[in-house]
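Contents: one structure, followed by commentary.
The values are calculated or read from the model by the stated rules, or taken from the named source; none is laboratory data. Computed from a prediction, not measured in an experiment: that's the story for all the values here. Cβ placement follows ideal geometry from the backbone for every residue including glycine, while neighbour counts extend to all protein chains displayed.
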């Protein structure tokens, strides 16, 4: 399986973990988040650092998903996406097989990949 790094460890990350686990295409190697110390866990996956680790992880052939939520603005997500793009990082694509087929997934240069519909998720975890 391909090695995956999630950038952002909040609620959106938990939803993404649910999709990644269901798809069974990637192994989640870790989570980058500025609000959690390395060694902490989100849904049983380790926080391995902050976005400062992106450069070294790109060199190690990881793929990335931006799992940072968007509350008021997509500015930070766009900044991270553009940083990944400038490093020629591999951006992972995951598909929620439980999502309605009436809604389309779209790739955007600004916000990576997003689903036009946000349904409920079966996430089972909390930050520890």
Scanning region 22-36 residue by residue, those over 15 Å from the mean Cα position of the chain (by Cα) and either in a helix (DSSP H, G or I) or crowded, with 16+ Cβ neighbours inside 10 Å (or both) turn out to be 36
Checked against (1) surrounded by 10 or more Cβ atoms within 10 Å (Cβ to Cβ); (2) touching a helix residue (DSSP H, G or I) at 6+ places or on another chain (Cβ under 9 Å); (3) modelled with pLDDT of 80 or more, residue 70 satisfies every condition except (3)
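Return yes when residue 97 is loosely packed, with under 11 Cβ neighbours inside 10 Å, over 17 Å from residue 28 (Cα atoms), touching a helix residue (DSSP H, G or I) at 6+ places or on another chain (Cβ under 9 Å) and at pLDDT 70 or above and no when it is not.
On the way: loosely packed, with under 11 Cβ neighbours inside 10 Å: yes; over 17 Å from residue 28 (Cα atoms): yes; touching a helix residue (DSSP H, G or I) at 6+ places or on another chain (Cβ under 9 Å): yes; at pLDDT 70 or above: yes.
Yes, satisfied.
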Discussion item. Whether any residue in region 37-53 is closer than 20 Å to residue 26 by Cβ, out of contact with any strand residue (DSSP E or B) (no Cβ under 7 Å at 6 or more places or on another chain) and assigned to a loop (DSSP other than H, G, I, E, B) is what I want to check.
Written reply: yes
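Considering only residues that are surrounded by fewer than 19 Cβ atoms within 10 Å (Cβ to Cβ) and closer than 20 Å to residue 90 by Cβ, look in region 1-11 and name the one that is modelled with the lowest pLDDT.
First, the residues of region 1-11 that are surrounded by fewer than 19 Cβ atoms within 10 Å (Cβ to Cβ): 1-3, 10-11.
Right, trim to closer than 20 Å to residue 90 by Cβ and you get 1-3.
Working: 1: 89, 2: 93, 3: 95.
Here the residue is 1.
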Residue 65: within 14 Å of the chain's Cα centre (by Cα), in a strand (DSSP E or B) and in contact (Cβ under 8 Å) with a residue 40 or more places away in the chain, yes or no?
yes
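Please determine, by comparing only the residues of region 68-88 that are assigned to a loop (DSSP other than H, G, I, E, B) and under 15 Å from the mean Cα position of the chain (by Cα), which one is farthest from residue 29 (Cα to Cα).
Initial filter on region 68-88 (assigned to a loop (DSSP other than H, G, I, E, B)): 68-74, 87-88.
Of the ones still in play, those that are also under 15 Å from the mean Cα position of the chain (by Cα) are 68-70, 74.
Numbers: 68: 17, 69: 20, 70: 23, 74: 25 Å.
Among those that are assigned to a loop (DSSP other than H, G, I, E, B) and under 15 Å from the mean Cα position of the chain (by Cα), it is 74.
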